[in-house]
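The values are calculated or read from the model by the stated rules, or taken from the named source; none is laboratory data. The shown structure was predicted, so the numbers you read here are calculated from the model rather than taken from an experiment. Note that each Cβ is placed from the backbone with ideal geometry, even for glycine, and that neighbours are counted across all protein chains shown. Keep in mind that these areas ignore ligands, DNA and RNA; they rest on the heavy atoms of the full protein, side chains included. Shrake-Rupley method; radii C 1.70, N 1.55, O 1.52, S 1.80 Å.
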Amino acid sequence: MSLRRFILKRLLSIIPILFGVSVITFSLVHLTPGDPIAQMVAMNPNVTAAEEAQLRARYGLDGPIWEQYLTWMGNVLTGDFGEVIGSGRDVSEVVMTRLPETIALGLFGWAFGLVIAIPTGIYAAINKDEFADTASRFLALSGISIPNFWLGLMLILIGALWIGLWPVLPPSRHALYHPEMLWYLVLPGITIGTAAAASIMRVMRTSMAEEMNKEYVTAARAKGLPERTVVLKHVLRNSLISVVTLAATLTASIVAGSVVVEVVFNWPGLGREFITAIDEREINLIMAITLFTGVFIIIANLLADILYAVLDPRIRYD
């Protein structure tokens with residue numbers, strides 16, 4: 001199977017995966033007590049039972065769950081994700097408005113993770129069983145163990161309140177890619193990227209240490225190649241295959257972690273919108289964000305498979 005056919009096959013597999021995700025999410029939301037209409041009625045006790053029934057019929061919440069799902073799916077297939085019942089806003093508009101902030105936060109997290117993890121992993125592998133290696137493993141274990149919400153609060157306390165280098169709240173008067181906004185993203189980017197950096201660093205260190213003991217490395221050194229060339233040109237490329245594998249799986253963790261981080265830092269992204277949608281039982285918005293997240297994770301894994309072939313031409317998709 002060629003790489004092109006493999007990509008096409010993976011793209012077609014998105015359909016049943018997203019279908020399964022939509023069914024499970026739709027069912028779980030409806031199994032949770034309450035819905036947007038119930039919350040509206042609770043806030044206005046003067047609403048009569050007849051008026052409540054009219055509202056449910058208006059938004060299609062009066063039928064059985066399977067009928068509601070089929071109606072929702074039919075609308076989605078035509079590009080209509082519905083509206084936010086509480087505010088009347090179009091769901092697609094809400095998602096597209098919040099999406100740039102979530103992407104910016106995720107990019108900061110990935111940048112921090114890769115910039116810290118790869119050089120540190122290489123240095124630890126070269127200095128295996130020395131103090132630097134021991135220190136890196138301790139830091140990696142700490143990074144994996146520290147909860148996102150606690151790390152975020154500590155960074156706000158130290159960076160914003162004690163040192164005063166970062167604002168406590170995002171400077172909303174500026175555009176997203178304004179220097180002040182990008183500067184504010186440093187702390188949430190560190191928060192969301194710490195666990196990923198720790199995991200990638202451990203895998204990078206282990207993979208590099210294994211590769212440096214193989215015969216092709218001994219042969220390269222025997223030819224008189226400089227150690228820098230051996231490490232960066234030969235060992236590093238083969239070690240990155242394991243890192244790419246882990247990086248793809250960590251995409252889900254970064255997406256999930258953005259929910260907590262956006263709430264802690266009051267960042268107006270999809271994660272915070274998702275929490276609000278769950279609190280208000282906004283099924284249309286919950287489903288739209290869930291499907292978007294599923295597509296994002298599937299594409300990330302697909303890109304990882306493509307990078308396998310780029311890093312190691314011996315890999316074939318047979």
Check segment 180-191 and report whether any residue there is aliphatic (A, V, I, L, M), at pLDDT below 85 and buried (at least 22 other Cβ atoms within 10 Å of the Cβ).
no
Any idea which of Asp62, Asp35 is under 28 Å from Phe296 (Cα atoms) and either among the acidic types (Asp, Glu) or surrounded by 15 or more Cβ atoms within 10 Å (Cβ to Cβ) (or both)?
Asp35
Might you let me know whether segment 150-163 holds any residue that is touching a residue at least 40 places away in the same chain (Cβ under 8 Å) and in contact with a Leu (Cβ under 8 Å, 6 or more places away or on another chain)?
yes
Go through Leu176, Leu165 for me and flag whichever is open to solvent by less than 50 Å² (accessible area, probe 1.4 Å) and either closer than 24 Å to Ile116 by Cα or under 25 Å from the mean Cα position of the chain (by Cα) (or both).
Leu176
Helices (runs of 4 or more DSSP H) completely within segment 15-86 that count 2 or more residues being in contact with a Lys or Arg (Cβ under 8 Å, 6 or more places away or on another chain)
36-43
Could you tell me whether segment 1-24 includes any residue that is over 25 Å from Gly294 (Cα atoms) and open to solvent by 70 Å² or more (accessible area, probe 1.4 Å)?
yes
When you check Leu77 against the structure, is it over 23 Å from Ile275 (Cβ atoms) and out of contact with any Pro (no Cβ under 7 Å at 6 or more places or on another chain), yes or no?
yes
If a residue must be β-branched (Val, Ile, Thr) and under 17 Å from Ile299 (Cβ atoms), how many such residues does segment 13-32 contain?
4
Looking at Glu211, Glu227, Glu262, which one is open to solvent by 40 Å² or more (accessible area, probe 1.4 Å) and out of contact with any strand residue (DSSP E or B) (no Cβ under 8 Å at 6 or more places or on another chain)?
Glu227
Please go through segment 192-202 and pick out each residue that is farther than 11 Å from Gly106 by Cα and either open to solvent by 30 Å² or more (accessible area, probe 1.4 Å) or under 17 Å from the mean Cα position of the chain (by Cα) (or both).
Thr194, Ala195, Ala196, Ala197, Ala198, Ser199, Ile200, Arg202
Step by step: first the residues of segment 118-144, then only those that are open to solvent by 80 Å² or more (accessible area, probe 1.4 Å) and free of Cβ contacts under 8 Å to residues at least 24 places away in the same chain, then the one that is nearest to Arg237 (Cα to Cα). Which residue is that?
Tyr123
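Conditions tested, residue by residue: (1) at pLDDT 80 or above; (2) β-branched (Val, Ile, Thr); (3) over 15 Å from the mean Cα position of the chain (by Cα).
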residue: Ser242; (1), (2), (3): no, no, yes
residue: Leu246; (1), (2), (3): no, no, no
residue: Gly257; (1), (2), (3): no, no, no
residue: Val264; (1), (2), (3): yes, yes, yes
residue: Glu280; (1), (2), (3): yes, no, yes
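Quick grid of which residues meet (1) under 20 Å from Thr194 (Cα atoms); (2) among the polar types (S, T, N, Q):
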| residue | (1), (2) |
| --- | --- |
| Asp80 | no, no |
| Asp90 | no, no |
| Ile122 | yes, no |
| Asn127 | no, yes |
| Pro147 | yes, no |
| Leu151 | yes, no |
Selection status of Val84, hydrophobic (A, V, I, L, M, F, W, C) and open to solvent by less than 80 Å² (accessible area, probe 1.4 Å):
yes
